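Here's the structure we're looking at; comments come further down.
Nothing in this text is a laboratory measurement; each read-out follows from the coordinates by a stated rule. Because the structure is predicted, anything quoted here is derived from the model rather than measured. Counting neighbours? That spans all protein chains shown, and the Cβs are built from the backbone with ideal geometry, glycine included.
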Amino acid sequence: MSATFVVALALEGQLRLDDQPALHRAVALARHQSPGQGKLIVLACRPPDQRLRGPHQRRLEAQALACLRTRLAAAAIPLLHFPQHTTAAALELLAPRVRPQVVLHGQESRLFDDWPLAQETFPRVFGEFRRGLGRAPVPPLPVPDLEDLGGLRLEGPRGWLEADPQADAAAKHILPDPRSAFPFVGDEASGLARLGHYCLDSDGLRHYKARRNGLVGTEFSSKFSPYLALGSLSVRRIWQTVLDYEARRGADDGSEWMKQELLWREFFLWTAQRHGASFGAPGGLQNRQIEWSEDRPLFERWCRGRSGHLLIDAQLNELLSTGYLSNRGRQWVASHFINELHLPWTWGARFFEWWLIDAQPALNTGNWAYLAGVGNDPRSFKGPPRRFDLERQVRLYDPEEMHRRRWS
Ligand SMILES: Cc1cc2nc3c(=O)[nH]c(=O)nc-3n(C[C@H](O)[C@H](O)[C@H](O)COP(=O)(O)OP(=O)(O)OC[C@H]3O[C@@H](n4cnc5c(N)ncnc54)[C@H](O)[C@@H]3O)c2cc1C
């Protein structure tokens, strides 16, 4: 009888089965390398470069993991959870019980597999990036058939095979605020349901361009970001669904604008990868030296939502209570932090990264650096950072002060 051939899939923060290329490779290897003897195990570890997640995102992560565990259990495939360990460290712990013959790693969901430009020639500006695309995003893969790949008997400490009690306690402790613009569950099934609802079953996508600057409620924007940050929804699946919408109803402002925003995400992900540490350094990609005021008491008040500016404090209260903030709200808060308080932008970015339910370091840093005038904003290459006139913004986007009344 031939020996069992074990393939481990390390999710690396990609908490879904849909459009998971590494899962396809794992299944193919397990089936063909050793017909009938191939077994799959799945590891959920801390990706090596991932900082500790904040409380709102941890709640969602626990939901996404619970859903995955149930779906894998249906095929008798164990999901081994090592919240504190990297994949390499987890494999060492596992070694006395099982040594997988092959370990495959999940990769962050992106529209393109690679971006061929070298660091020196990588576009500094989004428009240039977009014009240089010249190819269509890679289409998503379906969930592969997992039958017969489970059943590996694996005894381990309780925590590996069951929900992490600490993470669960944290998740339960922080119930979503009923006023939240993101009252949803973070697992894959909920992400796909939201995608179908927003793009196909409601007028969400059709009105996206007109409504995306809203501040209150679930429908002013897609709310895909928390799913994307956890990898419980694939960006290629979103793009494909937008194409399905266009095939049914025709392309319109809403679908075009959604594709544009997904390309912004792609732009920041590749930019962060190409530039490494300078992307998040205080001087940013421009290596620009700016004098900031390192006023810690002011920063501490701001962190508690007590900046003294009613509009900003309402935004911060929403962020602290729910983890979600509209794109407009994020821009206002960052612009005020940078231009009025003159606090170091990296402090604000770090604070956002802890509290945001969709915290994604490359997108967070890219947007903060852009607004601080050290990143990819072409206007800032030769002048000061862009500044939002908050009084005017409120008249435009919250004339009846709905947001302020809700969160003051
Ligand atoms: C200071 C600041 C910090 C931010 N930090 C994050 C972050 O940590 N994580 C995060 O996902 N987004 C971040 N954003 C971008 C944007 O605010 C959110 O992606 C968006 O508000 C999420 O809600 P949504 O999914 O409903 O967005 P929608 O408007 O429906 O957009 C759809 C998708 O497009 C992408 N997208 C939209 N706007 C942007 C943008 N400005 N930059 C890059 N991608 C974009 C996102 O993946 C988003 O889910 C930040 C923006 C600012 C100004």
Average silhouette area of the chain, convex hull of alpha-carbon atoms, in square nanometres: 21.3
The chain: DSSP helices with Cα axial extent of at least 20 Å and average Kyte-Doolittle hydropathy no lower than 1.6: none
The chain: relative contact order as a whole-number percent, Cα under 8 Å and 6+ apart: 19
Mean separation of Cα contacts under 8 Å, 6 or more apart, over the residue count of segment 1-107: relative contact order %: 45
Interchain or long-range residues, amide H under 5 Å from residue 45's placed H: 11, 12, 13, 82
For segment 1-107, alpha-carbon Rg over 2.2 N^0.38 Å: 1.07
Long-range HN-HN contacts of residue 231 with modeled amide H, under 5 Å: 15
Length-normalised contact order of segment 281-407 in % [C-alpha pairs under 8 Å, at least 6 apart]: 28
GNM result for the chain, Cα springs below 10 Å: residue of 65, 80, 133 fluctuating most strongly: 133
Range in the chain, longest, excluding exposed GluC sites (Glu not before Pro) [loop by DSSP; at most 12 other beta-carbon atoms within 10 Å]: 1-146
